[in-house]
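Worksheet: one structure, shown below.
Where a number appears in this text, it was derived from the coordinates with a stated rule and is not lab data. Computed from a prediction, not measured in an experiment: that's the story for all the values here. Counting neighbours? That spans all protein chains shown, and the Cβs are built from the backbone with ideal geometry, glycine included.
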Amino acid sequence: MTDVTRILNAIEQGDARAADELLPLVYEELCLLAAKKLLRERPGQTLQATALVREAYIRLVGTEDRS
């Protein structure tokens, strides 16, 4: 079992501290994927790779407060 899988399992079990361990492990890869994705977008779009990474991370780990 990889560290990422172990952490995702812990998050699924409700370990709130596990989410803090996940970002450092996946941040660089998410940035690379985001940059590649944005290269395929139309010129002039305003979304930045960091915003895309943040959205992906939030979707990955979820949030406590969903309004």
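A few points about this structure:
- Positive-end extreme of charge dipole, the chain - chosen from 50, 61, 35 (charges on Cβ): 35
- Cα long-axis angle, helix 18-39 against the chain (0 to 90 degrees, to the nearest 10): 20
- Length-normalised contact order for the chain - Cα pairs under 8 Å, 6+ apart - percent: 28
- By the helix-only formula, in which each DSSP H run with n ≥ 4 contributes -39500 (n - 2.57) and the sum is divided by residues, the chain has a 222 nm mean residue ellipticity of -22000 deg cm²/dmol.
- Option label - Rg/Rh (Cα atoms, Kirkwood Rh) computed here, alternatives [x] 0.97; [y] 1.40; [z] 1.05: [z]
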